[in-house]
Each structure stands twice: as C-alpha cells, then as structure tokens.
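Since the structure comes first, as structure tokens, the remarks are kept for the end.
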Amino acid sequence: MDKNIIILERRLFSALGHERTQINAINQLIGNDKASVISCEDINSNEMPFKNKIISQLPKLNLKEEGKEPKSYIQESGKKLIKIFKDNKLNKINKIIIPSARKLEISLITYLYKINKFPQSITPVIRILDIVFIENLPKTTLELFFYLVNKGKIHLFTETKELTKKIKNDIKIKCLGEFILPISVPYNLEVNPKKIKNKHIYIGCLGSPRRSKGTYQVPKIIKYLRQYFKKNQINLKVTFIVQLSKDKTKRTIIFKIYEYLSRYISGYVKIKYVYGVEDNKKFLKLMKSIDIFLLPYSNIKYKYSGSGFITDAIFLEKPIINSKGMSMKDLTSFKNSESVNHIEDYPKAILKIIKNYDYYSINSKLAKEYLKNKIKKSFNVILNK
C-alpha cells in the first residue's frame, strides 16, 4: 500500500512542528516509511525525524507571504509538482495525502485540475485544521474546489467532529469525517500509568505561547491556586511547567513579573520554564513527566479546531483540564478531563483531579482505546479498505 501513497507537506522547517511528527504518524499507520514526501526546495532533509525519501523541489516557502501567494507562485508550484510526478514516476499512485492543507495547497491542487494537468489516477486527500483555509479562498477557486470535493475528485477531511459538522451544515460541502494524526506521542507507545499519591504534581502548559492558547492566563491561574492553597491550608507540592518563547518579548517579561508577584502567597506552588526542546525525543520525555495537561485555550479559536495536546495527553493516559467549549469533545467525554468555564475555577478542577487521579487515569485509558480505533477507522477510509 505504501507504494500507492505520497505525502505533500511544505512546512517542514520546524523541528518540533506537527508537520514533521504527523509524517511519522502516517508511517506508523501504513506500517513502514516508504511513502515519498514532497516539500520545498529549502528544506534540510538531514534534520528530519523520519527516513522517508524527501523530494524537496517545490518553490521556497515564504512565511511572511503565506496565504497571500500571488497567482504566479501557484502556477510555478503547479509546474514543479507536475515535473515531480513525471520525474519520480508517481503518476500511477493512488493517493496524495496533504495532512495540513492550507490555502496554498488547496489552490495548487485546484489549479492543476483547472488546467487538466492533475493525474487522473491520483486522489488528493486533503485534511484541513481550520475553516479559514477554505473561507479565504478566492471565489473562482472556492467554486471549483466545492465542485471537485462534491464530485469525489478530492477527498476532504478535518481533525474534529465539530469542524466536520460545521463544514457540512454551514458551507454545504462534502466532508468524509475526521482524520486524526498523533502529534508528539507515537501511536503504539506503551505507557505505565503514574501514581501520584503524596508526591510532587507537575502540570504542563506546553506549545508555542500564544494568546489563543491561553498561555498568558497561566500567571492568573497560578495566583488563584496559591490563594486556594493558602485559604484551605493545602501543603501539596505543585509545579507548573510552562513553555515560553526564547526571545525576551514584552509578553514573556510581563508573564514572569505577574507570576513572581504572587509567590509570597504560597511556597507550595512553583513554576518551571522551558524555552524550546531540541528534538522530539526530549519533548516526549518532558511530556511523560507531566501529570496533568493544562489547556486554557480560547473557546472561540478552538471551538472547531483541535489541539494535538489533547491527543498527546490521551496517548500518555494523562488527565486534561481544558476550557469549556473547546472542540474534540468526543475525546474528552470519558471523564478523563475537567472543563472549566471561568479562570477562577481552575484551582478546584486541579484539586479534583489530584484527589481522584487514579480514576482519571483509568478513564484516560478508555479514551485512548476510543482514539486509537477512531484513527484506524479513518485511515482505512482514506485507503479505501
């Protein structure tokens, strides 16, 4: 089956980006690493965490212009993709998987259909993570994309049930369902659930610090937890592990100041900063050390889009605390998480999980079984099994 699949992923520049790790996930689902990966010509293939053949011949990626690429860039990308198909004898494969399709990838595939240059034997499998990548398409591209998807020429998937439902109901386009890929935690990783009774508790808030991820709300959450500990005379040791930017940005400095100003309240709640991890193995080790995953995400931005840390936490059988209204509700409906409405309520959710940690761990294992079956089923749909 691997000989019938190729992967198109332009964004392979980030050492810890999901774009790289999801290719490993596809390899795990296929059973080997024989599927070729098409990417941009400025990619250093020696740095990749996978052994797939990389065909780095697409035009260079310009992040500053991403989403605003001129028509000439799309046309150049189209010519190079046709040449890649021809030179590498890829015209007889069955599927080209685009696991993180954005506006450019959709425009590129649609353009090749428009000029009758896309190989008829190949079905593009397009997975979108955010509805804006469809909504921002030019009208003529959007109309042709709708036609191709509804006719079954392009197979469209999302990452969440919520986004699939919105696309079907609001945009009226055929969507085949969710196609979830593991991010930083290997699909078949065996874990030993951690016992935390009377031990130090580690709460992780990881990933690129962004307003939409609620990173800059964490000092308030820590302050409220310190106040809760003091008021209720709780002497439990808790450390927050928070990932911040290496650059000394204004937000990073303000974050540290706000956190520092509440330290006098309770010495039992501490914080440890991480500023980036060199490779995926070290990042996985860091995640394994965490007892509870904290996701105070925006329930506007993440109402339909998913979070890789939800799947990571579930694969590690760790409980989650997330904002109420976030997507992926089917994955957090096994009583493996606590959803919080207001920032003042995080301390109670944290203490509830700590006091009943074994219960949440068992439920996390149930969520893991559901997630693994869901991934298998969706991938079988993609492979037409």
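Values quoted throughout were computed directly from the atomic coordinates according to the rules given, and no laboratory measurement underlies them. The shown structure was predicted, so the numbers you read here are calculated from the model rather than taken from an experiment. Cβ atoms come from the backbone with ideal geometry, glycine included; neighbour counts cover every protein chain shown.
A few points about this structure:
- Cβ-based charge dipole, the chain, positive-most Cα from Asn235, Tyr111, Asn94: Asn235
- Comparing mean-square fluctuations of Thr252, Thr140, Thr164 from a GNM of the chain with C-alpha springs under 10 Å, the top value falls on Thr140.
- Debye, to nearest 20: dipole size of the chain, +1 on Lys, Arg Cβ, -1 on Asp, Glu Cβ: 540
- Percentage relative contact order, the chain, counting C-alpha pairs under 8 Å, at least six apart: 14
- Cα long-axis angle, helix 103-114 against the chain (0 to 90 degrees, to the nearest 10): 20
- Expressed as a fraction of 2.2 N^0.38 Å, the C-alpha radius of gyration for segment 256-308 is 1.50.
- In segment 201-371, Rg over Rh equals 0.94, where Rg is the alpha-carbon radius of gyration and Rh the Kirkwood radius from pairwise Cα distances.
- Cα-based convex hull volume of the chain per residue, rounded to whole Å³: 134
- Enclosing the Cα atoms of segment 25-156 in their convex hull gives a volume equal to 120 cubic angstrom per residue.
- Net charge contributed by nearby residues that have their C-beta within less than 14 Å of Gln227 (K/R +1, D/E -1): +4
- Among 124-131, 142-149, sorting by the average number of other beta carbon atoms lying within 10 angstrom of each residue, highest first, gives 124-131, 142-149.
- Largest GNM mean-square fluctuation across Lys270, Lys285, Lys51, computed for the chain with C-alpha springs under 10 Å, falls on Lys285.
- Over the residues of the chain, the helix contribution to mean residue ellipticity at 222 nm works out to -11500 deg cm²/dmol, using -39500 (n - 2.57) for each DSSP H run of at least 4.
- Between the amide H of Ile271 and those of Phe240, distances stay under 5 Å, these residues lying 5 or more places away or on another chain, with hydrogens modeled in the peptide plane.
- Residue with peak Gaussian network fluctuation, the chain [Cα springs, cutoff 10 Å], from Glu19, Glu159, Glu190: Glu190
- Computed across segment 181-221, the Kirkwood hydrodynamic radius from all distinct Cα-Cα pairs reaches 13.5 Å.
- Positive-end extreme of charge dipole, segment 2-181 - chosen from Ile154, Leu29, Ile74 (charges on Cβ): Ile154
- Coil-residue chymotrypsin sites (Phe, Trp or Tyr not before Pro) of segment 205-267, DSSP, other Cβ within 10 Å capped at 10: Tyr264
- Neighbours of Lys174 by Cβ distance under 12 Å: Lys/Arg scored +1, Asp/Glu scored -1, total +4.
- HN-Hα J in Hz across segment 321-334 - Karplus 6.51, -1.76, 1.60, θ = phi - 60°, x for Gly and Pro: 10, 9, 5, 5, x, 5, 6, 6, 4, 5, 8, 10, 9, 9
- The Cα center of segment 1-65 and the Cα center of segment 204-255 differ in position by 34 Å.
- Folded to 0 to 90 degrees: helix 71-87 orientation relative to the chain principal axis, Cα: 70
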